[in-house]
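Here's the structure, in structure tokens; my notes come after.
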Amino acid sequence: MPFSEDTLTRLKADAAEITGRYPRARSALLPLLYLVQSEEGYVSDDGMAFCAEVLGITQTEVRGVATFYTMYKHEPAAEYQVGVCINTTCAIMGGDQIYAELAGHVAGAPGHEDAEHGDALGGTSDHGDIKSPDGKVALERLECNAACDYAPVVMVNWEFFDNQTPASARELVDKLRAGENVAPTRGPSRLCTWKQANRILAGFGDGQAADGPSAGPASLVGLKLAKEHGWRAPGAGESHHDSEAAGGSVEPSSAQPPRSDKETS
Amino acid sequence: MTDTLTPVLTANWDQPDSFTLAGYSRTGGYKALPKALAMEPDDVIATVKNSVLRGRGGAGFPTGMKWSFIPQNDGKPHYLTVNADESEPGTCKDIPLMMANPHVLIEGIIITCYAIRASHAFIYVRGEVLHVIRRLQYAVAQAYEAGYLGKDILGTGFDLDLVVHAGAGAYICGEETALLTSLEGYRGLPRNRPPFPAVEGLYASPTVINNVESISSVPSIIANGPTWFSGLGTEKSKGYGIFSLSGHVKHPGQYEAPLGITLRELIDLAGGMLRPGHPLKFWTPGGSSTPLLTREHLDIPLDFEGVGAAGSMLGTRALQLFDTTTCVLRAALRWTEFYQHESCGKCTPCREGTYWLVRAVERLESGKGSDEDLETILDVGNNIVGRAFCALGDAAPVPISSAIKYFRDEIIQHQKHGGCPFDPAASTAWAV
């Protein structure tokens, strides 16, 4: 449906801000596609026409770009896009099982659950999203999302849900469908909608940056160990290492690495 | 003697406000910036050159040398583009770095732009990490407010604008020329080199493209001096780096250490392998594009030379560990499928080759393969490597060819067994 006059006015103001960030306007195409996706939940023909008009290029040029990148949807997305990482580490740590169980659960048909380790569903090739009957949740397979130390990982609207199990992932989907708030593991205390997420991707913050932890537990394992042993980069104490502010009682120590006799080979 | 772990970039991550300007400044942040701005730009380049910092995005090219390729007084605008498109399977260091400590990256960007005489910089961050993007946007806004970005930075007359640019889901955009094409608003296809980006990069102007961790290392080098940095690490692989452990290990996560630490040491630090009775079987030293190694390689120094001598590459220090419950063919198939999915389609060897590789590896995995498939795979692989347009193609056959190198018998077992002899449930995080 073509945008209303009011919507167009608003979108044009946003578009002007986006193009203003770049030395050449064409660089604004990716954020502009996010902008129109934040309006409609997907990149529609009208959305592409808008981008083409803003940049003075053809709709075909816009479509060529929009279809290259997987984060642009070409049909209306669900309110919550649930992605299960099925790249190798997550898959092996249980992502395949999570995906297979969620596929049946989301579709409301258990038929998918016999997909042994994901391969029955076609590896990593695109099979489209599986939508819940109420349209609130859509399930998709994701490639590596750079959170391998939290495997298996599930993303909802591009927020991290770390260290998932089949049970926790089912519960997550149920809560989303019931309209209950769920908090990402490393992210704000309230999950935003798919449209809101796309607005942030277009470069318009939602004021939630300070929410959530600085880092998750796996991100801190090395630092914690270093503090326990008093390990630090030599001479960097003044500028980049601050044990006092951390409230740790770190003593300089000549402690050796913990030579455990655990089996490592 | 240097300590086992040397937190520098990760040192403030446990502070609840480490991602804010106040939090970063309290732990010594933005101290290197005035020091750098008081130097001649060429001296900043020389300092980074002398530190022997090598790129942390995988290839290990000397960072200072890359900067020195930018022609000066050429009348063209110069650009810095930070490659924050971290998407290499297994690689998970830049994302937590930008979430917890975005200002160290921003301080590095300002210093780098001053050195290469750039007044416009971009952080090309993968789109699939919403909270990291929030943190970057917030940190950039704070840096503008503090006068670290914008016009006449710290009264020096140096101007710099910094844009956070979200990618849109394409692994190929981590390839530096594809990244530039994407940043210009096109499909992310790689370009011919030469001309190299240092001469004709973004908008055909001189451009430096560096990884997040490389640029984030710059403030510590300026603050502490090049010999401080080069005093860490090994003979040809200087400094510290973040090592990311994932998979079948008790405490996966980020361990910042001098280059040259061994996997045996890292596994000890991480509390050992996940389950008793299931030792390490195979691992990647630096993401899926680096050939697999095995338990024979536990004691090689994890530096550029040591891993190279073992027949692999240091890559991004993304150590994905798999124990004996794991089918190597299942792992290799999934990575092979990944390269097929992410091939941009520009060149024939990669577009066609990745498709046929998947077909052959699938046959093997399902137990319907033959010895001929093994030969086909190696042949297809040889026809991609060196003939593809960019490094994605070169990497595509790596997982399966290295799996065949070390586990040929296991792969053949699939044929005899009529399928995979492994139980995937036994290798999950929740298996006992």
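Checking each residue in the stretch B:283-300 for being at the interface with chain A (Cβ under 7 Å from one of its Cβ atoms) and either of a type in the set (Asp, Glu) or outside any loop (DSSP other than H, G, I, E, B) (or both) picks out only B:Arg295. Looking only at residues in the stretch A:167-192 that are polar (S, T, N, Q) and surrounded by fewer than 16 Cβ atoms within 10 Å (Cβ to Cβ), the one that is modelled with the lowest pLDDT is A:Asn181.
Residue-wise test of (1) modelled with pLDDT under 95; (2) farther than 20 Å from B:Phe61 by Cβ; (3) assigned to a loop (DSSP other than H, G, I, E, B).
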{"position": "B:Ile172", "(1), (2), (3)": "no, no, no"}
{"position": "B:Ser182", "(1), (2), (3)": "no, yes, no"}
{"position": "B:Tyr186", "(1), (2), (3)": "no, yes, yes"}
{"position": "B:Leu189", "(1), (2), (3)": "no, yes, yes"}
{"position": "B:Asn192", "(1), (2), (3)": "yes, no, yes"}
{"position": "B:Pro197", "(1), (2), (3)": "no, no, yes"}
{"position": "B:Tyr203", "(1), (2), (3)": "no, yes, no"}
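Being within 11 Å of chain A (Cβ to nearest Cβ), without any contact (Cβ under 8 Å) to a residue 40 or more places away in the chain and assigned to a helix (DSSP H, G or I) is a description that does not apply to B:Tyr339. Among the residues that make up the stretch B:351-366, is at least one of them at positive phi and surrounded by fewer than 19 Cβ atoms within 10 Å (Cβ to Cβ)? Within the stretch B:351-366 (the criterion being at positive phi and surrounded by fewer than 19 Cβ atoms within 10 Å (Cβ to Cβ)), the answer is no, since none of the residues qualifies.
Looking at the stretch A:26-112, the helices (runs of 4 or more DSSP H) lying wholly inside it that each contain 2 or more residues that are in contact with a strand residue (DSSP E or B) (Cβ under 6 Å, 6 or more places away or on another chain) and surrounded by fewer than 24 Cβ atoms within 10 Å (Cβ to Cβ) sit at A:96-107. Looking across the stretch B:260-282, the residues that are in contact with a Pro (Cβ under 8 Å, 6 or more places away or on another chain), within 17 Å of A:His229 (Cβ to Cβ) and in a loop (DSSP other than H, G, I, E, B) come down to B:Ile261, B:Ala270. Among the residues of the stretch A:184-226, those that are part of a loop (DSSP other than H, G, I, E, B), within 17 Å of the chain's Cα centre (by Cα) and more than 28 Å from B:Ile242 (Cα to Cα) comprise A:Ser189, A:Arg190, A:Leu191, A:Cys192, A:Thr193, A:Ala202, A:Gly203, A:Phe204, A:Gly205, A:Asp206. If you go through the stretch B:113-137 and keep only what is assigned to a strand (DSSP E or B) and more than 9 Å from every other protein chain (Cβ to nearest Cβ), you end up with B:Ala121, B:Ile123, B:Tyr124, B:Val125. With respect to the numbered conditions (1) in contact with a helix residue (DSSP H, G or I) (Cβ under 6 Å, 6 or more places away or on another chain); (2) surrounded by fewer than 24 Cβ atoms within 10 Å (Cβ to Cβ), which one is the sole condition not fulfilled by B:Arg135? Only one criterion in (1) in contact with a helix residue (DSSP H, G or I) (Cβ under 6 Å, 6 or more places away or on another chain); (2) surrounded by fewer than 24 Cβ atoms within 10 Å (Cβ to Cβ) is unmet by B:Arg135, namely (2). The set of residues in the stretch B:245-264 that are more than 7 Å from every other protein chain (Cβ to nearest Cβ) and either over 23 Å from B:Pro276 (Cα atoms) or hydroxyl-bearing (Ser, Thr, Tyr) (or both) comprises B:Ala257, B:Pro258, B:Leu259, B:Gly260, B:Ile261, B:Thr262.
The values are calculated or read from the model by the stated rules, or taken from the named source; none is laboratory data. Note that the structure is predicted; figures quoted are calculated from it, not measured. When we count neighbours, we look across all protein chains shown, and the Cβ atoms used for this are built from the backbone with ideal geometry, even at glycine.
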